[in-house]
Structure formats: structure tokens, C-alpha cells
Amino acid sequence: MKTIHIEFSDERLITPSGLVFVGQILGKSNFVKKINRAPISNEYLQKQIKNGDILLTYIGMLCQGKPQYEAVREMMDDPGYYKYALGIAYAIPSAETLRQRFDMIGDSLRGDILQANIDMLREMKIEPAALENGYVPVDIDVTPFDNSKTKKEGVSRTYKGFDGYAPIMAYIGTEGYFVNTQLRVGKQHCQKETPDFLRETIELCRQLTDKPLLIRLDSGNDASENIGIFMEESYRYNNVSFIIKRNPRQESKEEWLASVKDCCTNIQKPRDGKTVYIGQTFRDVTYTLPNKTEKTAGIRTIYEITERTIDKHGQYFIVPDIELDTYWTNLPLSDQNIIDLYHAHGESEQYHSEIKTDMDVERLPSGKFDSNKLVLELTIIAYNILRIVGQESLKKRDDPGRKKVRRRRIRTIISNLMQFAGHLTEHAGRLVLSIGRSNRWRFTFKRIYDSFASVS
């Protein structure tokens, strides 16, 4: 067996070659110009490094799954490449400059970042894909971030039983594009501040698609105020529908079962001792309009009640086991279809996982709450860049994957298309990124780069 010898070289061997995608996508929008024009205090060091360069650098770090400020030091060995790839005007900031500037900017750019995200998707000709029934899904949910054993501002006990934050997330389309988020302290109830978040999310989604929206929420957001928002939007534009899992609160399962046994027409018996009742009823919901007047509407309520008298092992129950699931909706679809559509809402848990684990954003880097808000807001843009790259990679079968998939996981995009080794050379003012023949993703990489370059 021959011995492999290790030597150092002055050749420009670039590991995160995929950052050229980040520069291509963001370069087609006016994101940097808007950030640089934003009214932010100028009382800081390194004034020559504009705020746009700060945020571009950090988005590049997020796209590699490296949200900690210190990760910027990895860019210092070849700053020229990173400046070119990301479109940075002056210089790569130090970790200290990143931290200082994030503390200074805080949550002041929230509106600009959310709008920049929408503009980016539109510039890239992205239209969120609809379900087979023509509705574009909008999944909204709270997902706790574990920041245990830290003294960061805003960290407190979450409903999951650990200390951390409880941000709310909103995704659109079957691809799961990230459209809105709000960082919250860990102990905050999921319904608090949600009505304003829903209105904001609907307005953002309307900029991306004219198709009808289907908003899905779990039982933590079973509130008359939320239903009122969706009903009024539906009356006004006829393009907002919803499915909200009901919180039964003090309702009796036995009374529900007794009330539907005689009238239910969809009764299923998948096995001995198990009976499932599926149907609908209507219940009044009273909500308050913006002018402070109250309005009552009859809302369609779908129920799925499971009665078990024998368990799956054949053991009889002394008292029947009753399972109750009910849903609010204004969709004109079958009862079973409504239930199936709500169950599909669980896919948003995968999106949460990709942000928390694949991008490593769960343990936020700052001790200041507003700085961590900025981190999460920039995560929206970085996540969508990775999603755009992943969806573009699926348009032709030139990748080494064996299975046909509908959506690539963020971890796959980072490892195979962002952390993509290349050899950078410069001659006669021309930069060339050479890709080795041993990389099986080289054809996909080149096609994606050419495709983004052709978007006008």
C-alpha cells in the first residue's frame, strides 16, 4: 500500500463553491441597496463595511449551515473568492464586527427583509406549487428552539419542557418556501400576537400567488379571532380557506359520540372492536371585527370519532376507548378530504427540522433577543436560496440520485451543492471555477449555475 503524503499548496481550492448561487440569486434583487439605504445608526466602527455586506456575509454562512459568528473566520483564508461569490463590495467582516452590527441592527429591518424575501422569489420566477385540488397550502406552526443551559435574553420554559425560544413559522407551497417568522420568548402562548402574524402572512402570500390559499393551523391556534380573520378575508377576496384543528377543551367525547351515532352516514369498521365515525356539523363562532362590532357565523365542523371496544391484540375494554378529532373549515370538500389535508400539515415538521438541524439554527448565536430575531429573519432568505437550488436541481435527471423525489432535503443541498469543491483560477481578468471529474454532481452544478445566470 502506497503512502499518501500531505503537502500545502498555494492553489485556490474552494470548498463552498456553491456560494456562487447565493450571489447569483441575491444579485438579481435590490436587497443590498435597500439595506444600505435603511435608516440605521452610523455610530459604529468599520463604517466602510456597509450593512448590506454584513448581511450578505451572514446569509452565506447560513447557506453553509454555520450560523455562529465565529464561522466567518473560515472566509479569511481566501476573502477574494467570498467577496466575488456573494457580491460583497468592501470586505469580509470579522466575527466581532458581525456581532456588533447585529446588536445594532436588531429587529429594525424586519419589514425590509420579509419584503426582500418575496422580491427574491418573484425575481427567480418562483410560484409556490398548489395541491391537486388547486389550493396553495400555507402551513403555520410554532416550533420550540432548545437553548437550554444558556442565559440568553428571552430564553424561558417552553411547552416542550426545555428552556428556549418558541418562534412561529409560516411556509407556502408544496415545496415549503419559508415566507414568514417571528421569534418569541419560550413561555409565550402560541396564540399571543398570532392574529397580526396571520394578517401579515396572508399579505406576503398574496404577492407570490393569485391562487386560493389553504391555511392550516393546529389546535394551539383554535381561536375565534383567527377564524374571524380568515372568514373576513374569504368574504373580501374569496381566496382564503382554512383548516384548524379544534381544541375540545371541556367537551365530552361520550356526548360527541352519542350525538353522531344515529345520524352519521360514513361509518367504517377497519377491524373487530374498532368503529370510526366521520361526518360534519355546523357550530356558531362569534368574532370581533376591526370596528369592534361582533359577528356570528356558522362554521363547518368536521369530526372523526374512533370508538374501540377491543384493542388490536384482542383484549376487551371494560369501558370503550373514545378518540375525538374535530376541525374547523370553510372548504367545500368531502369530510375525508378535509381530514387528509390536515394530516398533510404534518409535513411542516420536516421544514422545522431542516432549519433547526440541517442549517443548525436552533441554538441561536447571540445573547440579545433582537439580534437573534435578525438571525431568524435572515434564515428565511438563506433557507429559500437553498430550496430554490434544490428545486432547480430536480428539473433534469443529471444528478447521481437513484430515486425520483419531489423535494430535496436542505442537508443534501448543503453537502452536495453548496460544499462543492472547485479550483479557482484567474487569468486576463477572467475567473474560472474548475470542477473535478470525480464529482458526480458536476453536471447538475453547471446546469443550475447557467440556469440562474439566464434569469432576467
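The values are calculated or read from the model by the stated rules, or taken from the named source; none is laboratory data. Fair warning: this is a prediction, and the values are worked out from it, not measured in the lab. When we count neighbours, we look across all protein chains shown, and the Cβ atoms used for this are built from the backbone with ideal geometry, even at glycine. Surface areas here come from the heavy atoms of the whole protein model, side chains and all, with no ligands, DNA or RNA. Shrake-Rupley method; radii C 1.70, N 1.55, O 1.52, S 1.80 Å.
Quick look at the values:
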quantity: Tally of residues being assigned to a helix (DSSP H, G or I) and either over 17 Å from the mean Cα position of the chain (by Cα) or of a type in the set (K, R) (or both) across segment 169-196; calculated: 2
quantity: Selection status of K245, touching a strand residue (DSSP E or B) at 6+ places or on another chain (Cβ under 6 Å) and open to solvent by 90 Å² or more (accessible area, probe 1.4 Å); calculated: no
quantity: Residues of segment 200-212 satisfying the condition of being over 11 Å from N180 (Cα atoms) and either among the aliphatic types (A, V, I, L, M) or open to solvent by 20 Å² or more (accessible area, probe 1.4 Å) (or both); calculated: R206, Q207, L208, D210, K211, P212
quantity: Matching option when the condition is β-branched (V, I, T) and either over 23 Å from P144 (Cα atoms) or open to solvent by 40 Å² or more (accessible area, probe 1.4 Å) (or both), among I215, I172, I227; calculated: I227
quantity: Qualifying residues in segment 215-247 (those that are among the aromatic types (F, W, Y) and more than 23 Å from the chain's Cα centre (by Cα)) - the one nearest to R300 (Cα to Cα); calculated: Y235
quantity: Selection within segment 329-361 - over 29 Å from G65 (Cα atoms) and in contact with a Ser or Thr (Cβ under 6 Å, 6 or more places away or on another chain); calculated: N330, L331, I338
quantity: Odd one out for E392, checked against (1) of a type in the set (D, E, K, R); (2) touching a helix residue (DSSP H, G or I) at 6+ places or on another chain (Cβ under 6 Å); (3) open to solvent by less than 60 Å² (accessible area, probe 1.4 Å); (4) farther than 23 Å from A85 by Cβ; calculated: (4)
quantity: Exclusive hit being in a loop (DSSP other than H, G, I, E, B) and charged (D, E, K, R), set R447, R397, R387; calculated: R397
quantity: Scan of segment 197-243 for residues that are outside any helix (DSSP H, G or I) and without any contact (Cβ under 8 Å) to a residue 60 or more places away in the chain, ordered by number; calculated: D210, A223, N238, N239, V240
quantity: Selection count where residues are farther than 21 Å from S353 by Cα and open to solvent by 30 Å² or more (accessible area, probe 1.4 Å), scope segment 135-148; calculated: 1
quantity: Sole exception among (1) open to solvent by less than 70 Å² (accessible area, probe 1.4 Å); (2) in a helix (DSSP H, G or I) for Y84, by number; calculated: (1)
quantity: Cross-chain or 6+ apart pairs with Cβ under 9 Å, segment 403-418 first and over 13 Å from T444 (Cβ atoms), then buried (at least 21 other Cβ atoms within 10 Å of the Cβ) and of a type in the set (K, R); calculated: R407/R387; I410/R387
quantity: When residues of segment 27-61 are limited to those that are in a loop (DSSP other than H, G, I, E, B) and of a type in the set (A, V, I, L, M, F, W, C), the one modelled with the highest pLDDT; calculated: I49
quantity: Pick from segment 144-161, criterion touching a strand residue (DSSP E or B) at 6+ places or on another chain (Cβ under 6 Å) and part of a loop (DSSP other than H, G, I, E, B), ranking: nearest to K245 (Cα to Cα); calculated: P144
quantity: Inter-residue pairs, beta-carbon under 7 Å, first open to solvent by less than 80 Å² (accessible area, probe 1.4 Å) and in segment 251-268, second assigned to a helix (DSSP H, G or I), 6+ apart; calculated: N266/D335
quantity: From the options M231, M169, residue that is aliphatic (A, V, I, L, M) and either on the phi > 0 side of the Ramachandran plot or at pLDDT below 95 (or both); calculated: M231
quantity: Sole exception among (1) under 30 Å from T281 (Cβ atoms); (2) crowded, with 16+ Cβ neighbours inside 10 Å for P195, by number; calculated: (2)
quantity: Considering residues of segment 433-444 that are in contact with an Asp or Glu (Cβ under 9 Å, 6 or more places away or on another chain) and either surrounded by fewer than 17 Cβ atoms within 10 Å (Cβ to Cβ) or in a strand (DSSP E or B) (or both) only, the residue modelled with the highest pLDDT; calculated: F443
quantity: Failed condition for R409, given (1) within 21 Å of I59 (Cβ to Cβ); (2) of a type in the set (D, E, K, R); (3) over 28 Å from the mean Cα position of the chain (by Cα); calculated: (3)
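Results for (1) under 25 Å from the mean Cα position of the chain (by Cα); (2) among the charged types (D, E, K, R); (3) farther than 30 Å from E153 by Cα; (4) open to solvent by 60 Å² or more (accessible area, probe 1.4 Å), shown as yes or no for each residue.
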| site | (1), (2), (3), (4) |
| --- | --- |
| H313 | no, no, yes, yes |
| Y316 | no, no, yes, yes |
| V319 | no, no, yes, yes |
| T329 | yes, no, yes, no |
| D335 | no, yes, yes, no |
| V361 | yes, no, no, no |
| S366 | yes, no, no, no |
| K373 | yes, yes, no, no |
